[in-house]
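A.B. asks: Structure in structure tokens, see below.
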Amino acid sequence: MNVPARASLRLTTRMIISLGVVLALPLLLITTATGSAPTTTTSSTSTTSTIPGTTTTSAPVNTVLPWPAQDSAAVAIPSLEVSAGSPNQPRVPIASLTKLMTAWVVLQKIPLAVGQIGSCLTVNAQDVAFFHQNLSIQESTVKIVVGERLCENTLFRGLFVHSAGDYAEMLVRLTGMNNAAFLKAMNADATALGLSQTHYADYTGISTGDLSTAQDVATLTVDLMTSQPFIDSIVSLTKVHLPVAGWVGSYTPYIGSDGVVGVKSGYTLASGGCVALAINVTIGGVVVPTYEVVLSQPGANALDVAGAHALQLMRALRPSLTLVRVAEVKTVAWIGSPSLVTPTTTTTTTTTTSSTTTTIPTI
């Protein structure tokens, strides 16, 4: 399947990533000034940026990222071409983060713009059988009935908000591709997007053969969010009303608080808690989208643990962002370490009580 040129935005674009080290320009602006081009000079102690209408001098900030002690993570600020990954980047099961690529392939086949309904289908007996099969293995599903009419925009809301495996199956059916052809397209697009450590074995994430790294997941998340306005418009929903199921809520931790605008979470016994979060950071009234991916977190509240690590990473990035003015326009610049990001580790403690049993759905 052809991948559009806009998908070429990668975590590796104009960056050098090696075992958690980021080499970046000392001062990167989130917007581009008109008129004369800005100039930047760097010494060992400070960075001076001369932009039409303003001159800013900043001491480089030593950006230290608190990578989770267990397994892997990655961060990205695509508007500033900043990205990094933890030193440890194992290829691990990613549960329902697989559905990010499911969505990508569907949207290449049947594009959907904000405000459009998209293609529609009628739920059949095979769809309902798939729903019951998912239900029997505790995979996240949304109730459906034979004869129900569902359209692409609704199916995507169920997929992203409630991680519905049966909605994923119907989106695949909507493309007109059989399962083998769709899976082949997923892996072909992973290769085209540069996801060299990613392999898909199904389109829901229930298989332990759905493998990736935090850096690959972050690359896909950035590509999907920056090239598909429709997805960007629905991931912030904390709940959605669906035709038969009624109101269903999001599994994405911290969504709607702490700047978290959602994207996707996933959990299986094999994968642990996995999150790919978009978190907005506001600097002097300017909103900067950041992306944090955390994989393989353990415990009964594994998604919350993963989400907490993502928030820690976002907060560690914030001091490396500063407000500058280009003429009369406020903008945000990166003043993080001009040479590297130094990784550290933190430990999150998970507690449970013997009197409480928690069942986490497979999502």
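A.B. asks: Only one of Ser86, Ser72, Ser119 is more than 25 Å from Gly266 (Cβ to Cβ) and in contact (Cβ under 8 Å) with a residue 24 or more places away in the chain. Can you tell me which?
C.D. replies: Details: Ser86 fails: more than 25 Å from Gly266 (Cβ to Cβ); Ser72 fails: more than 25 Å from Gly266 (Cβ to Cβ).
So the residue among Ser86, Ser72, Ser119 that is more than 25 Å from Gly266 (Cβ to Cβ) and in contact (Cβ under 8 Å) with a residue 24 or more places away in the chain is Ser119.
A.B. asks: What's the total number of residues in region 99-113 that are free of Cβ contacts under 8 Å to residues at least 40 places away in the same chain and crowded, with 24+ Cβ neighbours inside 10 Å? Before you say what the answer is, go through the steps one by one.
C.D. replies: First pass over region 99-113, keeping only residues free of Cβ contacts under 8 Å to residues at least 40 places away in the same chain: 111.
When the remaining residues are screened for being crowded, with 24+ Cβ neighbours inside 10 Å, the result is none.
Qualifying residue count, region 99-113: 0.
A.B. asks: Scan (1) touching a Leu at 6+ places or on another chain (Cβ under 6 Å); (2) surrounded by fewer than 17 Cβ atoms within 10 Å (Cβ to Cβ) for the single condition Pro229 breaks and write down its number.
C.D. replies: Every condition holds for Pro229 apart from (1).
A.B. asks: Still on this model: From the list Gly158, Gly205, Gly165, which one is touching a residue at least 24 places away in the same chain (Cβ under 8 Å) and farther than 23 Å from Ser296 by Cα?
C.D. replies: Details: Gly205 fails: farther than 23 Å from Ser296 by Cα; Gly165 fails: farther than 23 Å from Ser296 by Cα.
Step by step, each of Gly158, Gly205, Gly165 is checked, and only Gly158 is touching a residue at least 24 places away in the same chain (Cβ under 8 Å) and farther than 23 Å from Ser296 by Cα.
A.B. asks: Tell me, please, whether a residue that is touching a Leu at 6+ places or on another chain (Cβ under 6 Å), of a type in the set (Gly, Ala, Ser) and surrounded by fewer than 24 Cβ atoms within 10 Å (Cβ to Cβ) can be found in region 289-310.
C.D. replies: No - not one qualifying residue is present in region 289-310.
A.B. asks: Inside region 217-293, counting only strands (runs of 3 or more DSSP E) that do not spill past its ends, which hold 1 or more residues that are within 15 Å of the chain's Cα centre (by Cα) and at pLDDT 95 or above?
C.D. replies: Numbers: elements: 239-242, 246-249, 260-268, 272-283.
By residue number, 260-268, 272-283.
A.B. asks: Would you be able to tell me the number of residues in region 99-125 that are closer than 21 Å to Leu183 by Cα and assigned to a loop (DSSP other than H, G, I, E, B)?
C.D. replies: Initial filter on region 99-125 (closer than 21 Å to Leu183 by Cα): 99-112, 119, 121.
After this cut, where a residue has to be assigned to a loop (DSSP other than H, G, I, E, B) as well, the list is 110-112, 119.
Matching residues across region 99-125 total 4.
A.B. asks: May I pose another question? When residues of region 191-226 are filtered for being open to solvent by 10 Å² or more (accessible area, probe 1.4 Å) and of a type outside the set (Val, Ile, Thr), how many remain?
C.D. replies: So the count comes out to 14.
A.B. asks: I would also like to ask the following. Condition check: outside any loop (DSSP other than H, G, I, E, B) and open to solvent by less than 10 Å² (accessible area, probe 1.4 Å). Does Ser96 satisfy that? If you could, list the steps in order and put the result at the bottom.
C.D. replies: Working: outside any loop (DSSP other than H, G, I, E, B): yes; open to solvent by less than 10 Å² (accessible area, probe 1.4 Å): yes.
When the stated conditions are applied, Ser96 passes them.
A.B. asks: Is at least one residue of region 342-358 surrounded by fewer than 22 Cβ atoms within 10 Å (Cβ to Cβ), at pLDDT below 95, more than 24 Å from the chain's Cα centre (by Cα) and farther than 30 Å from Leu269 by Cβ?
C.D. replies: no
A.B. asks: For the condition farther than 17 Å from Ser83 by Cβ, free of Cβ contacts under 8 Å to residues at least 60 places away in the same chain and not basic (Lys, Arg), what is the one hit in Val240, Val235, Val260? Steps first, answer last, please.
C.D. replies: On the way: Val240 fails: free of Cβ contacts under 8 Å to residues at least 60 places away in the same chain; Val235 fails: free of Cβ contacts under 8 Å to residues at least 60 places away in the same chain.
Val260 is the lone residue from the list that is farther than 17 Å from Ser83 by Cβ, free of Cβ contacts under 8 Å to residues at least 60 places away in the same chain and not basic (Lys, Arg).
A.B. asks: So, one more: How many residues, within region 126-144, are farther than 16 Å from Arg173 by Cα and either of a type in the set (Val, Ile, Thr) or not in a strand (DSSP E or B) (or both)?
C.D. replies: Initial filter on region 126-144 (farther than 16 Å from Arg173 by Cα): 132-143.
Filter once more, keeping what is either of a type in the set (Val, Ile, Thr) or not in a strand (DSSP E or B) (or both): 132-138, 140-143.
Count: 11.
A.B. asks: Then there's this: When the residues of region 65-78 are narrowed to those that are open to solvent by 10 Å² or more (accessible area, probe 1.4 Å) and at pLDDT 90 or above, which ends up nearest to Met225 (Cα to Cα)? Reasoning before the result, please.
C.D. replies: Applying the first criterion (open to solvent by 10 Å² or more (accessible area, probe 1.4 Å)) to region 65-78 yields 66, 69-71, 78.
Going one step further and asking which of them are at pLDDT 90 or above, we end up with 66, 78.
Details: Pro66: 25, Pro78: 10 Å.
Step by step, filter region 65-78, then rank; the result is Pro78.
A.B. asks: How about region 147-190: which of its residues are outside any helix (DSSP H, G or I) and open to solvent by less than 10 Å² (accessible area, probe 1.4 Å)? Before the answer, list the steps.
C.D. replies: Within region 147-190, the subset outside any helix (DSSP H, G or I) is 147-151, 163-164, 176-178.
Matches in region 147-190: Leu150, Ser163, Ala164.
The values are calculated or read from the model by the stated rules, or taken from the named source; none is laboratory data. What you are looking at is a predicted structure, and each value in this text was computed from that prediction instead of being measured. All Cβ positions, glycine included, derive from the backbone under ideal geometry; neighbour counts span all protein chains shown. Ligands, DNA and RNA are stripped out before the accessible areas are found, and what is left, the full protein with its side chains, is counted by its heavy atoms. Shrake-Rupley method; radii C 1.70, N 1.55, O 1.52, S 1.80 Å.
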